[in-house]
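Engineer: Sharing a structure below in structure tokens format, with a few things to ask.
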Protein chains: 2
Amino acid sequence: MEEHNRENHILSTQAIKRMPYYLQYLKKLAGEGIEIVSAPSIAAHFNFTEIQVRKDFSAVSTTKGKPKSGFTVKELIYDMESILGYHSVNQAVLVGVGQLGRALLSYRGFENYGLKIVVAFDQDPETAGSKIAGVNVFASEKISDLCRRMNIPIGIITVPETAAQTVCDQLIAGGVKAIWNFAPVHLSVPQNILVQNENMAASLALLSKHLEEKIVSE
Amino acid sequence: MEEHNRENHILSTQAIKRMPYYLQYLKKLAGEGIEIVSAPSIAAHFNFTEIQVRKDFSAVSTTKGKPKSGFTVKELIYDMESILGYHSVNQAVLVGVGQLGRALLSYRGFENYGLKIVVAFDQDPETAGSKIAGVNVFASEKISDLCRRMNIPIGIITVPETAAQTVCDQLIAGGVKAIWNFAPVHLSVPQNILVQNENMAASLALLSKHLEEKIVSE
DNA sequence: CATTATTCGATATCATTATATCGATATGAT
DNA sequence: ATCATATCGATATAATGATATCGAATAATG
């Protein structure tokens, strides 16, 4: 007799990226009092295929969908939030308190995504010592030491590209496990460290390519 | 007799995303006076395979690489910049002058990527009428009209998620061809309009998934 | 001037991701 | 109760993207 547990359904990288979109929409539906939702209706909203939606859901959901009706909105929300780690909060530090750094510090929404920026760093002695959006800013020399002592798993890099690799090395020296990199450079890191690049130049590349209409689809 | 022109080599979406990284590195090399570069050396730097680098290069380059030596740095830079449209400048408007909007307006680096933000919009009557980083801010009601009159191809959305679809519709009504969306929502648009999402929640999802070590590679 | 080592380009294979097909099951209508 | 229909899950196929293989080219070396 076969056992059907969730572990068979693997969650691909692409699927993970779609989760926040599903989640946002499901929460909106829940807010409107909708309790059951079908894969085809979700697919219609996002312009996905219903098969893809069904697969994505089955990869994260602990319960099955019901033929002819669909999935329970609340359960989907709960399951996705669990999978994405929104129920536990990860602490992060941010390095580089320029315009972008300040914007990220001021964006309180991250806590909904399980991320809390607890400390920031900046090279400028003026900025270091100040407090931005309730977060203390320290001098960059203290990165490694503080990260290690506070056992911080995530580092956010919002420094100019020339400083990015140095900062990255300091974060890793401080024991950080994952790096969210907003500098438009490639960072060299050891195997076990994840670098998540938020490279706007890359997005822009797709944009302008589209405007030239020579692109090959996605 | 077969003709070998560049048109055979198609440029995939993923390859386009890699271009800004190559470009950044190639420019650094050029700054150091390096004139020739090989695929294996580039691959080593990025932790890519040399085959991938070679394929990417051959998809954009007008000239061929030379066995035993490599590619001409200058030519690669020129070809990539052309492909990515950095030589011509696209005008854009930005809607939503909050923290993030201000950060983007202040970031002058976009002009290197062929993007120039010429006008901004905001709902708040205080903000509208002001000037941020040299860019005039107008009231949101004027979006469609101004975009159409100035023939703007790109709209940047940095408003809260509740307002994003409305703004999106206004931009499209104004004739915008591509949208760079920083709001964490799916936008519904006609077929011919490109939406490039810059969803930090999606990146965060991958980050925290990695921290749980349950992820399935990339 | 022949030999060797390195890189190139083209074609082939493999991996990942997305879509299509189809039988099974639940809901609502007759 | 039976039938029609919408949706489900599972398996199969297709598309996209990454990697491996291999002969050809060229620069450096003896």
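Engineer: Restricting to Cα pairs below 8 Å that are 6+ residues apart, what does the relative contact order work out to for region B:70-180? Please round to a whole percent.
Structural biologist: Answer for region B:70-180 is 26 percent.
Engineer: Take every DSSP beta bridge with both residues inside the protein assembly as shown and express the antiparallel ones as a percent of the total, to the nearest 5.
Structural biologist: If we restrict to bridges inside the protein assembly as shown, about 20 percent are antiparallel.
Engineer: Taking A:ARG148 in one copy and the same position in all the others, each labelled 7 Å out along Cα→Cβ, what are the pairwise distances from the first, in nm, shortest first?
Structural biologist: A:ARG148 label point versus its equivalents elsewhere: 6.3 nm.
Engineer: Among the residues of chain A, which one places its Cβ closest to the rotation axis that maps chain A onto chain B, and what is that distance in whole Å?
Structural biologist: Reported as residue, whole Å: A:ALA103, 2.
Engineer: Pick from B:LYS68, B:LYS28, B:LYS116 the residue whose mean-square fluctuation is largest in a GNM of chain B, springs joining Cα atoms under 10 Å.
Structural biologist: B:LYS68
Engineer: Using per-residue counts of other Cβ atoms within 10 Å, averaged over each peptide, order A:73-84, A:120-131 from highest down.
Structural biologist: In descending order of packing, they fall as A:73-84, A:120-131.
Engineer: Oh, and also: If I model a spin label as a point 7 Å beyond the Cα along the Cα-Cβ vector, how far apart are those points for B:ASN151 and A:HIS9 in nm?
Structural biologist: Using points 7 Å along Cα→Cβ, the separation is 5.1 nm.
Engineer: For B:PHE121, what residues show an amide H to amide H distance below 5 Å, using hydrogens built from the backbone and excluding near sequence neighbours?
Structural biologist: The list, which skips near neighbours in sequence, is B:LEU94, B:VAL95, B:GLY96, B:PHE138.
Engineer: Over what distance in Å are the Cα centres of region B:85-144 and region B:159-184 separated?
Structural biologist: Cα centroid of region B:85-144 versus Cα centroid of region B:159-184: 14 Å apart.
Engineer: Give me a single rounded figure for B:191-202: the average over its residues of other chain Cβ atoms within 10 Å of their Cβ.
Structural biologist: For peptide B:191-202, the averaged partner shielding equals 6.
Engineer: Sticking with this structure for a sec: Taking the Cα centre of the protein assembly as shown as origin, work out the dipole magnitude from +1 charges on Lys and Arg Cβ and -1 charges on Asp and Glu Cβ, in debye rounded to 20.
Structural biologist: So the magnitude is around 60 debye.
Engineer: Also, I was wondering about something else. Can you order the peptides B:201-212, B:31-42, A:51-62 by their average number of other Cβ atoms within 10 Å per residue, highest first?
Structural biologist: B:201-212, A:51-62, B:31-42
Engineer: Can you pull the percent of chain A's accessible area that's carbon plus sulfur, 1.4 Å probe, other chains left in place?
Structural biologist: 52
Engineer: On to the next question. Considering only protein heavy atoms, what is the solvent-accessible area of A:CYS147 at a probe of 1.4 Å, reported in Å² to the nearest 10?
Structural biologist: Counting only protein heavy atoms, A:CYS147 exposes about 0 Å² to solvent.
Engineer: Using only atoms on other chains, find how many Cβ atoms lie within 10 Å of each Cβ of peptide A:14-21 and report the average.
Structural biologist: Averaged over the peptide's residues, the number is 6.
Engineer: Return the value, in Å² to the nearest 100, of accessible area buried between chains B and A (probe 1.4 Å, both sides summed).
Structural biologist: Buried: approximately 5600 Å² between A and B.
Engineer: Angle, helix A:13-31 long axis vs. longest principal axis of chain A, Cα atoms, 0 to 90°, nearest 10?
Structural biologist: Orientation of helix A:13-31: about 70 degrees from the principal axis.
Engineer: Positive end of the charge dipole of region B:1-156 (Lys, Arg +1 and Asp, Glu -1 on Cβ, about the Cα centre): tell me which of B:THR49, B:ASN112, B:ALA59 has its Cα farthest that way.
Structural biologist: Positive-most Cα among the choices belongs to B:THR49.
Engineer: If packing is taken as the mean number of other Cβ atoms within 10 Å per residue, what is the order of B:10-20, B:150-160, highest first?
Structural biologist: The packing order, highest mean first, is B:150-160, B:10-20.
Engineer: Same structure again: Averaged across the residues of A:98-105, what count of C-beta atoms belonging to other chains lies within 10 Å of each residue's C-beta?
Structural biologist: Per residue, the average neighbour count from other chains is 5.
Engineer: Go ahead and run the numbers for FRET between B:LYS131 and A:GLU212, Cβ-Cβ distance against an R0 of 25 Å, rounding to 0.05.
Structural biologist: The computed FRET efficiency comes out at 0.20.
Engineer: Please state the Cα pair-distance histogram of region A:90-203 with 10 angstrom bins from zero: what percent is in each bin?
Structural biologist: 15, 52, 31, 2
Engineer: Taking only protein heavy atoms into account and a 1.4 Å probe, give the accessible area per residue of chain B in Å².
Structural biologist: Normalised by residue count, the accessible surface of chain B is 50 Å².
Engineer: Let me ask something else about it. Determine ³J(HN,Hα), in whole Hz, for all residues of region B:156-165 in sequence, where each value follows from phi through the Karplus function 6.51 cos²θ - 1.76 cosθ + 1.60 and θ = phi - 60°; x replaces Gly and Pro.
Structural biologist: Taking θ as phi minus 60°, the curve returns 10, 9, 10, 9, x, 4, 5, 9, 4, 5 Hz for region B:156-165.
Engineer: Moving on to the next point. Spin-label point model (7 Å from Cα, Cβ direction): what's the B:GLN91 to B:ALA43 distance in nm?
Structural biologist: So the label points at B:GLN91 and B:ALA43 sit 4.5 nm apart.
The values are calculated or read from the model by the stated rules, or taken from the named source; none is laboratory data. What you are looking at is a predicted structure, and each value in this text was computed from that prediction instead of being measured. Neighbour counts are summed over all protein chains in view; Cβ atoms, including those assigned to glycine, are modelled from backbone coordinates with ideal geometry. Only protein heavy atoms, including side chains, enter the accessible area calculation; ligands, DNA and RNA are left aside. Shrake-Rupley method; radii C 1.70, N 1.55, O 1.52, S 1.80 Å.
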